[in-house]
Amino acid sequence: MDFNFNQEQQQFADALRRWVDKDYRFETRQAIIHSATGTSDAAWATLAELGMTALPLPAGAGGFDGTAVDMLLVMQELGRGLVVEPYLATVLGARFLTLAGGHDGVLEQVAGGSLKLACALGEQQSRHDLHDIATTATASGDGFVLDGVKTVVLHGAQAGALIVSARSGGRQDGTDGISLFLVPADAPGVTVRDYRTIDGQRAATVTLVQVVLGHEALIGQAGQGWPVLDAALDYGATLLCAEAVGAMDAIFAATLEYLKTRQQFGAPIGKFQALQHRMADMFIHLEQARSMAMLAAAKADSNDVAERRRTVSAAKARVGLAATFVGQQAVQLHGGMGVTDELPAAHHFKRLSMIALTLGDVEHHIERFIAQPGFLPTETA
Amino acid sequence: MDLHYTAGETAFRDTVRAFLDSHLPADLQRKVRQHLRLTKDDYVRWHKIVAQQGWAAPAWPVEYGGTGWTAVQRHIWEDECARAATPPILPFGVNMVAPVIMAFANAEQKAYYLPRILNCDDWWCQGYSEPGAGSDLASLKTTAERDGDHYIVNGQKTWTTLGQHADMIFCLVRTDSTVRKQEGISFLLIDMKTPGITVRPIIMLDEEHEVNEVFFDNVRVPVSNLVGQENKGWTYAKYLLGHERTGIAAVGRSQRELTFLKQLAMRQNKRGAPLLHDPAFAAKVAHLEIELMALEMTVLRVISEEGKGPGPQASMLKVRGSELQQQLTELMVEAIGPQALPFDPDFLDGSAPHSSAGDDLAAPLAAYYFNYRKTSIYGGSNEIQKNIITQMILGL
Ligand SMILES: Cc1cc2nc3c(=O)[nH]c(=O)nc-3n(C[C@H](O)[C@H](O)[C@H](O)COP(=O)(O)OP(=O)(O)OC[C@H]3O[C@@H](n4cnc5c(N)ncnc54)[C@H](O)[C@@H]3O)c2cc1C
């Protein structure tokens, strides 16, 4: 058993950290989120140069075959730096294509940094159950026609192409009959309405009206999309866990620093035991979450599907609890400063709170954990 | 990063399992599994079986009878023992006084005591706490005054776990009351048969006789029983407290108890279905299971850093470990509901083969719950552990 990262992994992370510290400081990030697009082309170009877009992609498409463990460190740095570029959306989109096979040309573009992706999966009624899909894919000629509305598509307006889940058969909330498509953002019939999210990112409502696609748009097999969707979502949840750990590291360090410097009643407030014990509780939450993010990363690529689901759900639930607790406490301990827009920690708090709600909240993952084999005992007492 | 056990470690686990399969007496296993009380003989019997195998003190250096196992192997051993439901090897000799003896005692003391500890020839207990010195241990008052080649010990210790069986007690005593309170403390080994010692039971919430008060009235202790230097005892005490940092989380035992809890909840009915199918109850169990997974990973992370010396991370493991142990007992009681009310001490201590109230599995659980409130108090309360985290790790 080995909890260390290898030199290469460390180098990727260090390069990213240096860039964040130098060129993606808090003020820069604030300017980016208030800009017209909410993202920065220069930042994206640097991410590509640093190899980040190639890291998780297959070697056959110009990538580095990076594992989820490799991505753990990368996402931690992005979380620490509150980076708002469409990285998660893009690598998650690429994950669908990698899992299903095909679309090598698209993956090459992603690896090289010239194409961003987004995942249009959720709908108004689906909450966290992303197999609940009303968007339809009707067979037509050798292709399909898509109709439906996708909500809260992260970085939907910044992407050149969208991964879209649609129903070509089965019940609306069933796992059978799901098809996945790669849809060019400028395909006729696609409307993307861009907006800001509370945590400084971008998202969009994507409306599909009679979008005509050829057979080559299909990702994997028609009607057989669920295993790919499920695996990709686990991958995404794992990356979010890592991002949250990075954000918690940052917010924790900032809070600790504040407790050591802020003076009240003639002493640093960190001398008060009521606050010390909250810091100790935050520390324990953070370390438990870090352990689970590591475990999820170790299992996210696993072929043992039940084990992958069980572990990722455990991690997402545990990290979600920690994200909420650590974030809320950090704000409280900062007093009035904690609720201002000036304080980076407050923005980490917003990001952490939204991560907890993205790709399954605590309740959702607890339910899923319970539903996995192994939860109910095999023997009786 | 690679979170798999190596082939060697897996083979080691098999070896340990084979040993436990063939050597763990079924009656002891049953008692531990079913949360019944253990007698002195139960503890000693198991310790001697393990000692025979040479595994009674895995963490000791090989020269003193240790195993030379890696930290991961020691973890596997503890884990397998917990799963198999062995009685514990009591920590007072092997994990508490022995490391102090190894580090600070003279050659004669080492040669005499260590083999006896290894083989469980003496039953040791820990004489630290006093009525006025709990969390604030350094304010202890029991005195040891020099009289020729003896110390005359006067005072009172309390909360002495299983002291009623003890042959020896290791004590912190005050040898100088004129200096700062941490500086006048010495570390003494005292034979419990010495005249002037009285042991009085303290009965716990579950009516178990687990702890005691120990009174010292002009007890003459040979100076040769002093460990290390006079007035340096606080250093040794802290050394001891910082030792053995991972077993404290008791993850293996909690995993066994989790399985027990689930089995129990499958046998209980709520509105015609097994209780574990109830979403609200299942969610509580799931939260606990996930927390335990996280704790296991955290323990392994701490172990993998071993060699960097015992650290304050033990405090984190103690807080979480004890909280989870308590939550498990709480959920067990919740699972059995009104069946928790019957109290059957005769069944608990093994004098009756079955519980008079009917369900043998349920009968001990309320007592277990009440007993386990101790885990967040002893060994340094959880509040004190948080103080350690904030001071030693966070620098507040
Ligand atoms: C079952 C059991 C077995 C034990 N076995 C032994 C043994 O074998 N040998 C031995 O020497 N001792 C033993 N102990 C004693 C144990 O170590 C003490 O009980 C423990 O250190 C707490 O001390 P106290 O009971 O005096 O509580 P106190 O120190 O009086 O504490 C009372 C409460 O105040 C809190 N508190 C105290 N100080 C602070 C602070 N600075 N900040 C925040 N909160 C604080 C505590 O956390 C606790 O909640 C045992 C105790 C129990 C319950």
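The values are calculated or read from the model by the stated rules, or taken from the named source; none is laboratory data. Keep in mind the model is a prediction, meaning the values are calculated, not measured. Cβ sites come from the backbone with ideal geometry, for glycine too, and all protein chains shown count toward neighbours. We work out accessible area using only protein heavy atoms, side chains counted, and drop any ligands, DNA or RNA first. Shrake-Rupley method; radii C 1.70, N 1.55, O 1.52, S 1.80 Å.
Is it possible to state the helix-based mean residue ellipticity at 222 nm for chain B, with each DSSP H run of 4+ residues giving -39500 (n - 2.57), the sum divided by total residues, to the nearest 500 deg cm²/dmol? What is it?
-13500 deg cm²/dmol
Normalised by the number of residues in chain A, what is the relative contact order in percent for Cα pairs under 8 Å and 6+ residues apart?
15 percent
Would you mind getting me the FRET efficiency between residue B:200 and residue B:107? Use the beta-carbon distance for r and R0 = 35 Å, nearest 0.05.
0.45
What are the residues whose amide H is under 5 Å from the amide H of residue A:167, where those residues sit 5 or more places off or on another chain and H is modelled from the backbone?
Those lying under 5 Å, H to H, from residue A:167 are A:135, A:136, A:137, A:179.
Would you pull out the residues with amide H under 5 Å of residue A:197's amide H, same chain only if 5 or more places away, H placed 1.01 Å from N?
Hits under the 5 Å cutoff: A:202, A:203.
Which of A:162, A:201, A:221 sits farthest toward the positive end of the charge dipole of segment A:156-225, with +1 on the Cβ of Lys and Arg and -1 on the Cβ of Asp and Glu?
Going by the charge dipole, the pick is A:201.
So if I take the centroid of the Cα atoms in segment A:144-197 and the same for segment A:24-59, what is the distance between those two points in Å?
One Cα centre to the other: 24 Å.
Nearest-5 percent of antiparallel DSSP beta bridges in the protein assembly as shown?
Antiparallel bridges: around 85 percent, rounded to the nearest 5.
What FRET efficiency comes out for residue A:272 versus residue A:207 if R0 is 60 angstrom and r is the Cβ-Cβ distance? Round to the nearest 0.05.
Efficiency computed from Cβ-Cβ geometry: 0.65.
Give the Rg/Rh ratio for segment A:293-375, taking Rg as the radius of gyration of the Cα atoms and Rh as the Kirkwood radius, to two decimals.
Rounded to two decimals, Rg/Rh equals 1.11.
About the Cα centre, and with charges only on the beta carbon of Lys, Arg (+1) and Asp, Glu (-1), how big is the dipole of the protein assembly as shown? Nearest 20 debye, please.
Computed charge dipole of the protein assembly as shown: roughly 1200 debye.
Nothing charged except the Cβ atoms of Lys and Arg (+1) and of Asp and Glu (-1): what's the magnitude of the dipole of chain A about its Cα centre? Round to the nearest 20 debye. Walk me through the intermediate numbers first.
On the way: 29 positive and 41 negative charges, 221 e Å.
So the magnitude is around 1060 debye.
For segment A:39-160, give the percent of accessible area contributed by carbon and sulfur heavy atoms, probe 1.4 Å, rounded to a whole number.
With neighbouring chains kept in place, the figure for segment A:39-160 is 51 percent.
Given a 1.4 angstrom probe, what's the average accessible area per residue across segment B:181-253, in square angstrom?
Value for segment B:181-253: 46 Å² per residue.
Tabulate in residue order the Karplus-calculated ³J(HN,Hα) for segment B:218-228, using 6.51 cos²θ - 1.76 cosθ + 1.60 with θ = phi - 60°, rounded to whole Hz; enter x for Gly and Pro.
Computed from phi, the couplings for segment B:218-228 are 6, 7, 8, 10, x, 4, 5, 8, 6, 9, x Hz.
Quick one: putting +1 on the C-beta of Lys and Arg, -1 on the C-beta of Asp and Glu, what dipole do you get for segment B:113-258 around its Cα centre, in Debye to the nearest 20? Each step should come with its number before you reach the end.
Details: 15 positive and 20 negative charges, 89 e Å.
Dipole about the Cα centre, nearest 20: 420 debye.
As I understand it, the dipole of the protein assembly as shown uses +1 on the Cβ of Lys and Arg and -1 on the Cβ of Asp and Glu, about the Cα centre. Which of B:227, A:240, B:28 lies farthest toward its positive end?
Of the options given, the answer is B:227.
Leaving ligands, DNA and RNA out of it, report the carbon-plus-sulfur percent of the accessible area of segment B:1-109 at a 1.4 Å probe. Present the calculation step by step, with values, prior to reporting the outcome.
On the way: 2530 of 4800 Å².
Taking all protein chains in place, segment B:1-109 shows 53 percent carbon and sulfur surface.
Each residue of segment A:363-375 in order: what ³J(HN,Hα) in whole Hz does its phi give by Karplus 6.51 cos²θ - 1.76 cosθ + 1.60, θ = phi - 60°, with x for Gly and Pro?
Ordered by residue, 3J(HN,Hα) equals 4, 4, 6, 5, 4, 5, 4, 4, 6, 7, x, x, 6 Hz.
Are there chymotrypsin sites (Phe, Trp or Tyr not before Pro) in segment A:280-351 that DSSP puts in a loop and that have at most 12 other Cβ atoms within 10 Å, and which ones?
Loop-located and lightly packed - none at all.
Output the pairs from B:157/B:193; A:350/B:284; B:238/B:318; B:318/B:374 with a Cα-Cα distance over 18 Å in this structure; if there are none, say none. It would help to have the intermediate numbers written out before the result.
Details: B:157/B:193 16 Å; A:350/B:284 27 Å; B:238/B:318 16 Å; B:318/B:374 12 Å.
Pairs exceeding the cut-off: A:350/B:284.
Which order do the peptides B:219-225, A:233-239, A:358-364 take when ranked by the mean count of other beta-carbon atoms within 10 Å per residue, highest first?
Going from most to least packed, we get A:233-239, A:358-364, B:219-225.
Please tell me the relative contact order of chain B in percent, rounded to the nearest whole number, where contacts are Cα pairs under 8 Å and at least six residues apart. Walk me through the numbers on the way to the answer.
Details: 614 pairs, mean separation 55.5, N = 396.
After rounding, I find 14 percent.
In µm²/s, what is D for the protein assembly as shown at 37 °C and 0.692 mPa s, where D = kT/(6 pi eta Rh) by Stokes-Einstein and Rh is the Kirkwood radius from Cα pairs?
113 µm²/s
Name the shape class, rounded, prolate or oblate, that the alpha-carbon gyration tensor gives for segment A:190-314, where a ≥ b ≥ c are the square roots of its eigenvalues, rounded holds for a/c under 1.5, and otherwise prolate holds if a/b is larger than b/c and oblate otherwise. Let's see the in-between values first.
Numbers: a/c = 5.20, a/b = 1.91, b/c = 2.72.
In terms of gyration-tensor shape, oblate.
Counting heavy atoms of the protein chains only and a 1.4 Å probe, report the per residue accessible area for segment B:1-85 as a whole number of Å².
Dividing the accessible area of segment B:1-85 by its residue count gives 47 Å².
Quantify how much of the Cα-Cα distance distribution of segment A:25-133 extends past 18 Å, in percent.
In whole percent, the long-distance tail amounts to 53.
Could you point to the residue in A:277, A:264, A:305 farthest towards the positive end of segment A:252-313's charge dipole, with +1 and -1 charges on the Cβ of Lys/Arg and Asp/Glu respectively?
So the residue we want is A:264.
Note down the relative contact order for segment B:255-311 as a percent, whole number, built from C-alpha pairs under 8 angstrom at least six residues apart.
Once normalised by length, the contact order is 21 percent.
In deg cm²/dmol, rounded to 500, what helix-only [θ] at 222 nm does chain A give when every DSSP H run of at least 4 residues adds -39500 (n - 2.57) and the total is split over its residues?
Working: 11 runs with 186 residues, N = 381.
Mean residue ellipticity, 222 nm, calculated: -16500 deg cm²/dmol.
Using Cα centres only, tell me the gap between segment B:202-254 and segment B:1-41 in whole Å.
After rounding, the separation between the Cα centres reads 27 Å.
Please state, as a whole number in µm²/s, the translational diffusion coefficient that the Stokes-Einstein equation yields for segment B:281-396 at 10 °C and 1.306 mPa s, with Rh defined as the Kirkwood radius across alpha carbon pairs. Can you show the working numbers first?
Values: Rh = 16.4 Å.
D = 97 µm²/s.
Please give, to one decimal in nm, the separation of the simple spin-label points placed at residue B:180 and residue B:167, each 7 Å out from Cα toward the Cβ.
A separation of 3.9 nm, rounded to one decimal place.
Can you give the Rg/Rh ratio of chain B, where Rg is from the C-alpha atoms and Rh is the Kirkwood radius?
0.97
Any idea of the total accessible area buried by the B-A contact, 1.4 Å probe, rounded to 100 Å²?
4100 Å²
For A:323-331, what's the mean count of beta carbons from other chains sitting within 10 Å of each residue's beta carbon?
Per-residue shielding by partner chains comes out at 0.
Could you give me the ³J(HN,Hα) list for segment B:265-279, computed from phi with Karplus coefficients 6.51, -1.76, 1.60 and θ = phi - 60°, whole Hz, x at Gly and Pro?
My calculation for segment B:265-279 gives 6, 6, 7, 8, 10, 10, 6, x, 10, x, 4, 5, 7, 6, x Hz in order.
What is the mean number of Cβ atoms from other protein chains located within 10 Å of the Cβ atom of each residue in peptide B:293-303, rounded to a whole number?
Numbers: counts 10, 16, 4, 2, 11, 8, 1, 5, 6, 3, 2.
Mean inter-chain Cβ contacts per residue within 10 Å come to 6.
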